[in-house]
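Report on the following structure.
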Amino acid sequence: MDIINGFIVLFSDPLALLFVVLGAVLGVIVGAIPGLTAAAAIAMLVPITYHLPTLPALVFLYVIGKSGRFGGSISAILFNTPGTTASAATMIDGYPLTQQGKSGKALKMAALSSVFGDTGGELLLIFGAVYIATYTEKLGPPEYFAVHLMAFIIIGSVIGKSILKGILSTLFGILVAIIGLDPIDAMPRFTFGIVDFEGGLSLVPLLIGVFVLSEVLMQAEDQATLKGTWQAPNHSSDRDDDRVTWPEFMMCLPVMARSTISGSIIGMMPGLGSAVACFVAYGEEKRRANRKELWGKGAIEGVAAPESANNAVSGPSMIPLLTLGVPGSTIAAILMSVFLIHGITVGPAIFYQDRDLIFSLFAAGLLGIGLYGLVGYYGSPIVGRLVTLMPPRYIYPFIFLTAFITSYSARNSALDVVVMAIFGLIGYVMRKFDFNLPAFIISFVLTKGAEESLRQSLLLTEGGYLVFFERPFVLACFALTTLVVGLRVWGVARHSRNEKYLSH
Amino acid sequence: MRALPELIVAIAVIAIGAFFYGYSESIETFGDDLVGPKFFPQIISVLMVIIGLVLAIKAIAMARRQDGPFFRIHLTDAIRKTVIPLGVVSFAYAALFNALGYVLSTVLVMAPVLWIYGHRGWVKLTVITVISTAIYYILFIRFMGIFDPPGLLIDLSDLFRW
């Protein structure tokens with residue numbers, strides 16, 4: 001089987017193995033630092049991976065993305081501050097458990113649930129991606145454009161507080177991506193006469209600016225209002241409070257299974273991601289629970305559900321990237337750039353041209369899950385203690401320095417540093433006004449493919465727009481988009497009606 | 001009192017959309033293809049203007065509902081004392097990178113950054129600045145081989161070559 005071959009290739013590359021271990025440990029630590037998301041860490045590390053061979057570079061970033069999602073649960077549980085948006089739902093029951101002196105139990109359940117969910121998602125990726133790729137390789141430009149359009153609309157409208165601002169974030173990402181040469185006619189667009197802009201803006205400084213430098217600015221603001229102090233948690237003297245008992249594990253097993261399924265489905269949809277998955281799973285399990293009154297006060301299932309779901313997103317979010325060339329998440333968008341830097345074009349052909357590499361990546365994913373599970377199960381309290389020893393006012397000045405040198409190192413370009421600084425400020429303003437940063441980044445990455453496929457479709461049919469309405473796959477994409485957006489609009493309208501009713 | 005900031009953002013969006021629509025008229029095209037190099041930029045710009053207008057209308061509606069003066073933007077102390085100075089330092093660092101090279105620009109910038117984050121005492125600031133600059137130089141420039149940009153105004157890169 002290909003996955004066994006993948007393990008053989010992985011284990012025959014000591015450097016790749018080293019980076020799997022490093023990624024597992026580093027991701028947990030980085031994810032545990034409030035404000036510093038796995039995406040931000042990966043953005044800073046991408047230029048460093050340019051110096052590595054392909055497999056170590058990819059496995060390093062891929063495993064950090066997985067372990068970082070788990071790492072966010074540590075600060076969510078211990079400090080009531082999610083380390084990543086994916087852990088926001090874990091906080092609801094995780095922190096009350098800490099207040100009851102049961103932080104060890106909560107952390108261990110988070111580790112077990114994350115491993116469960118991530119493994120389920122990874123298996124879906126391993127077996128599903130190849131199967132899906134046999135269909136997607138038959139798709140043409142009209143289908144690819146429909147997928148891109150679906151991604152733009154869903155990413156912009158489903159996540160975030162405001163649909164309009166989400167769509168605006170998507171449009172802004174597209175506009176920034178247009179800077180450079182036209183992909184078909186090679187005409188300069190929006191270059192302002194600057195030759196360096198003809199190649200377009202580089203993704204790395206944009207990412208670092210929007211995710212890292214904007215966070216540095218947010219943390220500086222929080223420091224001024226003394227929000228940045230973290231206290232070490234209290235511990236109970238009861239041994240059972242520091243571990244997950246067998247009855248508790250069995251009770252949470254069906255919760256983890258259902259949450260893994262919902263997280264995997266959400267992960268396959270471009271743009272939805274862990275932040276949506278964790279709340280969907282939490283809400284659904286609370287609705288099904290026999291003792292709803294315990295949820296929000298330290299129900300162990302309230303940790304299991306979101307942690308399984310948010311980690312189950314990781315593997316399936318790679319499916320649209322590998323089968324269609326459309327990244328399903330910010331981390332997938334970053335990995336896409338790493339693939340391209342190493343001369344690998346993502347899409348269904350990758351399973352023929354670079355089959356060994358892909359299955360080695362999958363194998364690294366499974367190995368990384370096991371490693372971060374061990375680190376998380378036995379080492380979470382240590383990581384938590386490390387975080388209390390490193391308050392933000394010590395960490396973030398160094399993150400500031402790292403952001404600048406890593407954005408410079410991507411292309412040895414001082415212009416990239418300027419771009420990073422500009423987008424750091426733009427990212428800060430976008431966050432303050434509830435714009436959608438993931439939508440901005442993902443649409444930036446998707447734009448070239450979307451425009452190419454649109455114009456190729458129209459060139460093939462000599463300008464006939466009807467081509468988009470003659471293909472069943474295209475119509476299915478449009479229908480799915482309409483359904484998802486419709487549900488979102490209905491949800492917003494209902495929420496708004498409820499608020500008005502309550503205020504009266 | 002969010003109405004005015006929201007209106008400013010809406011106006012900025014409209015301005016950006018309008019500017020890029022106008023700029024897109026200068027993009028050269030071959031032939032008379034409807035969907036050429038201008039198509040995507042113009043569609044996106046128009047959509048931005050439309051959504052910007054909707055946001056502006058919403059901001060004005062918000063202003064009518066809110067108490068307090070409209071023409072007032074409340075900048076918190078935190079923003080004035082940390083975000084704005086850190087933003088200025090960020091742009092200064094980006095400019096100094098090219099002008100003075102990596103080492104000198106980092107030394108000049110690190111102390112203000114530490115100050116903004118609440119660190120005090122010139123000894124502490126000096127020690128952290130020097131040690132962190134040295135560590136970053138060794139790690140990124142020496143160990144990883146990133147090109148050390150020679151400063152256009154002052155070039156100290158020869159001092160650190162061994």
Using protein chains only and a probe of 1.4 angstrom, how many square angstrom of B:TYR23 are accessible, to the nearest 10? 60 Å²
Residues of segment B:110-131 buried by at least 50 Å² on assembly (accessible area, 1.4 Å probe, chain alone as reference): B:MET110, B:TYR117, B:HIS119
If you rank A:GLU122, B:GLU25 by how much accessible surface each has, with a 1.4 Å probe, what is the order from largest down? B:GLU25, A:GLU122
Proximal aspartates and glutamates relative to B:LYS58, as straight alpha-carbon distance under 13 Å, when same-chain residues fewer than 8 apart are discounted: B:GLU6
Distance check, please: which entries in A:LYS66/B:LYS81; A:LYS448/B:LYS38; A:LYS66/A:LYS297; A:LYS66/A:LYS105 exceed 25 angstrom between their Cα atoms? A:LYS66/B:LYS81; A:LYS66/A:LYS297
As a quick test, which of the pairs A:LYS432/B:LYS124; A:LYS102/A:LYS292; A:LYS161/A:LYS432; A:LYS108/A:LYS286 have an alpha carbon distance above 24 angstrom in this structure? A:LYS432/B:LYS124
With θ taken as phi - 60° and the coefficients 6.51, -1.76 and 1.60, list the Karplus ³J(HN,Hα) couplings across segment A:466-476 in order, rounded to whole Hz; mark glycine and proline as x. 4, 4, 6, 10, 9, 9, x, 5, 5, 5, 5
Fraction of accessible area attributable to carbon and sulfur, the protein assembly as shown (%, probe 1.4 Å): 67 percent
Cut-off under 16 Å on the C-alpha distance; same-chain residues fewer than 8 positions from A:LYS138 excluded. Which aspartates and glutamates are left, in chain and number order? A:GLU470
I'd like the Karplus ³J(HN,Hα) series for segment A:288-294: coefficients 6.51, -1.76, 1.60, θ = phi - 60°, whole numbers in Hz, and an x wherever there's a Gly or Pro. 7, 5, 6, 10, 4, 5, 7
Need one word for segment A:323-461: rounded, prolate or oblate. Basis is the Cα gyration tensor (sqrt eigenvalues a ≥ b ≥ c); a/c below 1.5 gives rounded, then a/b vs b/c decides. oblate
Keeping every protein chain present and rolling a 1.4 Å probe, give me the accessible area per residue for the protein assembly as shown in Å². 42 Å²
For chain A, the charge dipole (Cβ of Lys, Arg +1; Cβ of Asp, Glu -1; about the Cα centre) points to a positive end, and the Cα of A:GLN100, A:ILE184, A:LEU61 closest to that extreme belongs to A:GLN100
Heavy-atom SASA rank of A:ARG291, B:ARG142, A:ARG455, B:ARG65 (probe 1.4 Å, accessible area, largest first): B:ARG65, A:ARG291, B:ARG142, A:ARG455
Could you compute how much accessible surface B:PHE19 exposes when probed at 1.4 Å, giving the result in Å² to the nearest 10? 110 Å²
From the Cα gyration tensor of the protein assembly as shown, with a ≥ b ≥ c the square roots of its eigenvalues, which class applies: rounded if a/c is under 1.5, or else prolate if a/b is larger than b/c, or else oblate? rounded
For the A and B pair, go ahead and give the buried accessible area with a 1.4 Å probe, both sides summed, in Å² to 100. 5400 Å²
Would you mind classifying segment A:415-504 by shape? Square roots of the alpha carbon gyration tensor eigenvalues, ordered a ≥ b ≥ c; an a/c under 1.5 is rounded, otherwise it is prolate if a/b is larger than b/c and oblate if not. oblate
Compute, for segment A:106-216, the length of the dipole vector about the Cα centre, with Cβ point charges of +1 (Lys, Arg) and -1 (Asp, Glu) only. Units Debye, rounded to 20. 440 debye
Under 5 Å, built H, 5+ apart or other chain: amide partners of A:ARG189: A:GLY180, A:LEU181, A:ASP182
With every protein chain in place, the accessible area of A:VAL244 for a 1.4 Å probe, in Å² rounded to the nearest 10, comes to 20 Å²
What is the spin-label model distance, in nm, from A:THR191 to A:ILE382 if the labels are put 7 Å beyond Cα along the C-beta direction? 5.3 nm
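The values are calculated or read from the model by the stated rules, or taken from the named source; none is laboratory data. Please read these numbers as outputs of a predicted model, since none were measured by experiment. Because the Cβ atoms are built from the backbone with ideal geometry, glycine has one as well, and the counts that use them run over all protein chains shown. Accessible surface is based on the protein model in full, side chains and every heavy atom, while ligands, DNA and RNA are left aside. Shrake-Rupley method; radii C 1.70, N 1.55, O 1.52, S 1.80 Å.
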